[in-house]
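Structure first, commentary second.
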Amino acid sequence: MDNACYLLECAATGRRLLVDAADDAPRLLALADGRVDAVVTTHGHWDHHRALPDVVAATGAQVLVGAEDAADLPVPADVLLRHGDVVAVGELRLDVVGLRGHTPGSVALVLHDPGGRVLALTGDGLFPGGVGATGGDAGRFTRLLDDVEQRIFAVLPDRTEVLPGHGEPTTLGAERPSLADWRARGW
């Protein structure tokens with residue numbers, strides 16, 4: 001499925017957060033040298049959590065997921081995330097942004113790096129060229145695009161780096177001119 005997984009490490013404490021244990025647990029564990037303190041699953045679709053049981057078994061990592069998607073995981077969740085929560089990784093703080101529509105409990109994580117970078121790990125909520133699939137449901141599409149516009153584009157700078165759950169990174173500045181086109185096309 002060409003999923004993207006992200007490993008964040010607090011430089012001060014060494015604490016590590018894995019975002020989406022999508023597949024290939026041995027590769028993820030090797031990347032992390034077998035050390036993962038927590039795993040955030042951005043949403044409950046199987047292609048974003050297939051390696052979660054093996055990663056958790058090997059590391060004892062805490063499992064975090066959007067509250068409405070917790071029942072979709074293959075392991076119990078330790079923390080149910082809601083829009084406005086903060087995930088701590090050592091001294092790093094990531095804002096939880098609910099992006100309802102792709103799934104009811106989809107979440108993105110926003111990190112304001114101490115060096116001035118802003119990263120938005122958006123799962124399947126936002127990609128280069130549009131928002132995530134909503135199964136052709138106009139209500140779900142509108143909800144997702146509304147959340148993306150109000151909770152991402154309206155509050156973050158254009159330099160924000162978007163790290164999606166599939167495909168290449170982009171920036172909000174590169175995507176902003178297309179918002180009206182996305183709404184008009186309905187996907």
For the chain, calculated [θ]222 nm from helices alone, where every DSSP H run of n ≥ 4 adds -39500 (n - 2.57) = -5000 deg cm²/dmol
Share of the range 6-182's accessible area from carbon and sulfur, percent, 1.4 Å?
-> 50
To the nearest 0.05, how large is the calculated FRET efficiency for Arg183 and Arg159 if R₀ is 22 Å and r is the Cβ-Cβ distance?
-> 0.40
The chain, Gaussian network, Cα under 10 Å: of Pro177, Pro128, Pro74, the residue fluctuating most is Pro177
Cβ-Cβ FRET estimate between Gln62 and Asp137, R0 fixed at 25 Å, reported to 0.05 | 0.15
For the range 123-187, what percent of Cα pairs sit more than 21 Å apart?
-> 14
Residues of the range 6-182: accessible area per residue with a 1.4 Å probe, Å² | 43
Label-to-label distance, nm, for residues given as Ala88 and Gln150 (7 Å Cα→Cβ offset) = 3.0
The range 61-101 and the range 17-32: distance between their alpha carbon centers, rounded to Å | 17
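The values are calculated or read from the model by the stated rules, or taken from the named source; none is laboratory data. Just so we're clear, the structure is a prediction, and the values are computed from it rather than from any experiment. So basically every Cβ, Gly included, is an ideal-geometry build from the backbone, and we count neighbours across all protein chains shown. With ligands, DNA and RNA removed, areas are computed over all heavy atoms of the protein, side chains included. Shrake-Rupley method; radii C 1.70, N 1.55, O 1.52, S 1.80 Å.
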